[in-house]
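As structure tokens, the structure follows; a few thoughts come after it.
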Amino acid sequence: MGCSKNLVDSEHLMGQLKANDLRVVHESDEEQNDIVIINTCGFIADAKEESINMILDAVEAKKAGDVEKVYVMGCLSERYKKELPEEIDGVDGFYGAADLPKIVLDLGADYKTELIGERVLTTPLHYAYLKISEGCDRKCSFCAIPLIRGKHKSVPQDELLIEAQKLADKGVKELILIAQDLIWYGIDLYKKQALAELVKKLAKIDGIEWIRLHYTFPTNFPHDVLDIIRDEPKVANYIDIPLQHINDRILRSMKRGHTGKGTRELVQTMRDKVPNVAIRTTFIVGYPGETEAEFNELLDYVKEARFERLGVFTYSPEEDTAAFKLEDDITDEIKQARKEKLMEVQEEISNEINQARIAADYKVIIDRYEEPYFIGRTQYDSPDVDNEVLIKASEEELKIGNFYNLKIKAADSFDLYGEVSL
């Protein structure tokens, strides 16, 4: 359940189990399973509810005799270590976010510390997520991640290079770097921000053709990262940088560490330093005390900045965070209305950007086939969250995981339509 960081944890667990000659299936559709392991999300209310429902479904399957044992791991069980066992009967074990070795041992297997980078991929074989650090040192008022995952902890470069090489050996062509705070990589190990240095080394791995950066942070953003995005052909002209708001009062209350002016300057620097960069961001609407004028300031900024990719969350009060002490005084109806208004503006922007791409040529990687289309992505798009390119072709014509040069023939707000360039 939850984010790609959880997915990587599951893949590492599956790698350990497979190394112990246990048969393991991701999201099994079999009617009967010996053991079900649910990796939960505990980030916001909707995610917690989804995880709890999944646990309850598994417990019911156990009662019906379709499952022998149910184990729960991840962020939800880390955050509610005491409450979950008291509230939910029928679970054979609850494990925190860092308890992977204990799960392996409790399954009667041997946790193999020598298995650096061993994973069972659950993504299509041509792309994979590479988690370069764990936890977060930021103090954002709305976020429970530091409470769940702890302080920032970088994975050593040599281990990441081994893991990336193993992924390349499996046929992975696109590495998507993830962390709670990508730009803080190296601070604990090397006493400096070392993301650009890491990316340079990853780019030397044969077989890797694209490297994509997710979850960067605006405060203290290292400009050498922009240099390597611009200068290294393997690094996609793509930056994921959650900005959350533009109003100074709200940013202070959010404890983000940056101002509206600083945000504007950073975004402009990104566009100046990296021609044709695609910026993905997210914003929160309905934060406690957000006035109509403050929301309109955010709305105007979105119109001004013209982000290529944008997501919107409605504020969710999370216990034990600093913002939880504030009155959640914006109704759900107003939150939803603000979200829809922001997304309506973004849809228009996205459509205008896409229309301007008609007749242009792009390198595209093919992710899947859904009759009658092959579906791929440009360097400006990440899997599952961004635009796609649809190519009408017979199932035999293109190969999933391969790159093709396409000419864009048509577009709508969130998709491009192309054909292979001869």
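Taken together, the values in this text are just the output of simple stated rules run on the coordinates, not laboratory data. Note that the coordinates shown come from a computational prediction; the quantities given were computed from them, not determined experimentally. Please note: Cβ atoms are built from the backbone with ideal geometry, for glycine as well, and neighbour counts cover all protein chains shown.
Given charges of +1 on the Cβ of Lys and Arg and -1 on the Cβ of Asp and Glu, with all other atoms neutral, how large is the dipole of the range 282-397 about its Cα centre, in debye to the nearest 20?
Values: 13 positive and 31 negative charges, 91 e Å.
The calculation lands at about 440 debye.
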Counting other C-beta atoms within 10 Å, and keeping those with at most 14, which DSSP coil trypsin sites (Lys or Arg not before Pro) do you find in the range 334-422? LYS399
In whole Hz and in residue order, list the ³J(HN,Hα) couplings for the range 376-382 that follow from phi through the Karplus curve 6.51 cos²θ - 1.76 cosθ + 1.60, θ = phi - 60°; x for Gly and Pro. x, 9, 8, 5, 8, 9, 9
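Just to be sure I follow the definition: excluding the sites themselves, where is the longest run in the chain that has none of the GluC sites (Glu not before Pro) in a DSSP loop with at most 15 other Cβ atoms within 10 Å? Could the numbers behind the result be given before it?
Values: sites that count: GLU27, GLU30, GLU31, GLU114, GLU319, GLU327, GLU395, GLU396, GLU397.
Result, exposed sites excluded: 115-318.
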Dipole of the range 285-422 [Lys/Arg +1, Asp/Glu -1 at C-beta], most positive-end residue of ASN402, TYR373, ASN387: ASN402
Karplus ³J(HN,Hα) for the range 98-104 (6.51 cos²θ - 1.76 cosθ + 1.60, θ = phi - 60°; Hz, whole; x = Gly/Pro) runs 10, 9, 4, x, 5, 4, 4
Determine, from the Cβ-Cβ distance of LYS63 and LYS102 and an R0 of 25 Å, the FRET efficiency 1/(1 + (r/R0)^6), rounded to the nearest 0.05. 0.45
Return the long-range amide H neighbours of ARG368 (sequence gap of 5 or more, or a different chain), with a cut-off of under 5 Å between placed amide H atoms. ILE375
Unsatisfied cross-links (Cα-Cα over 19 Å) in the set LYS48/LYS82; LYS173/LYS201; LYS18/LYS153: LYS18/LYS153
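I need the calculated FRET efficiency for the pair ARG264 and GLU27, taking r as the beta carbon distance and R₀ as 45 Å, to the nearest 0.05.
Numbers: r = 42 Å, r/R0 = 0.94.
The pair ARG264/GLU27 has a calculated efficiency of 0.60.
Which length gain, in nm to one decimal place, applies between GLU319 and ALA359 when the Cα-Cα distance is subtracted from 0.36 nm times their residue separation? List each step's numbers first, then the result.
Working: separation 40, 0.36 × 40 = 14.40 nm, distance 5.04 nm.
Contour length minus the Cα-Cα distance gives 9.4 nm.
Less than 9 Å Cβ to Cβ from TYR80, Lys/Arg counted +1 and Asp/Glu -1: what total charge do the surrounding residues give?
Values: positive: LYS48, ARG79, LYS81, LYS82; negative: GLU78, GLU83, GLU87.
Counting the neighbours of TYR80, the net charge comes to +1.
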Note, the range 184-199: 3J(HN,Hα) by Karplus (6.51, -1.76, 1.60, θ = phi - 60°), whole Hz, Gly/Pro = x, goes 8, 4, x, 4, 6, 8, 10, 6, 7, 6, 10, 4, 4, 4, 4, 4
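Can you give the relative contact order of the chain as a percent, counting alpha carbon pairs under 8 Å and 6+ residues apart?
On the way: 790 pairs, mean separation 43.0, N = 422.
Taking the mean separation of contacting Cα pairs over the length of the chain, I get 10 percent.
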What ranking do ASP227, ASP99, ASP240, ASP381 get, fewest neighbouring Cβ atoms within 10 angstrom at the top? ASP227, ASP99, ASP240, ASP381
Under the Cβ-under-4.7 Å rule, which cysteines of the chain stay unpaired? CYS3, CYS41, CYS75, CYS136
Sticking with the crude label model, points 7 Å out along Cα→Cβ, report the distance from ALA293 to ASN402 in nm, one decimal please. 6.0
For the chain, give the share of DSSP beta bridges that are antiparallel, in percent and rounded to the nearest 5; count only bridges with both residues there. 40
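Could you put THR122, THR291 in order, starting from the residue whose Cβ has the fewest other Cβ atoms within 10 Å? Before the final figure, lay out each step's value.
Working: THR122 15, THR291 12.
Going from sparsest to densest Cβ surroundings: THR291, THR122.
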Pick from ALA64, ALA144, ALA410: which residue has the top mean-square fluctuation in a GNM of the chain where Cα pairs under 10 Å get a spring? ALA64
Under the helix-only model (-39500 (n - 2.57) for each DSSP H run of 4 or more, divided by the residues of the chain), the mean residue ellipticity at 222 nm, to 500 deg cm²/dmol, is -10500 deg cm²/dmol
Once amide H atoms are placed 1.01 Å from N in the peptide plane, what residues at a sequence separation of 5 or more from ALA278, or on another chain, have their amide H within under 5 Å of its amide H? TYR238, ILE239
Counting only residues 5 or more apart in sequence or on a different chain, those whose built amide H sits under 5 Å from that of GLY186 are SER154, ALA194
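Could you size up the charge dipole of the chain around its Cα centre, putting +1 on the beta carbon of Lys and Arg and -1 on that of Asp and Glu, and report it in debye to the nearest 20? Intermediate values should be presented prior to the final figure.
Details: 55 positive and 80 negative charges, 386 e Å.
That gives a dipole near 1860 debye.
Can you tell me the dipole magnitude for the range 130-272 around its Cα centre, using point charges on the Cβ only (Lys, Arg +1; Asp, Glu -1), in Debye to the nearest 20?
Working: 24 positive and 20 negative charges, 131 e Å.
Dipole size: approximately 620 debye.
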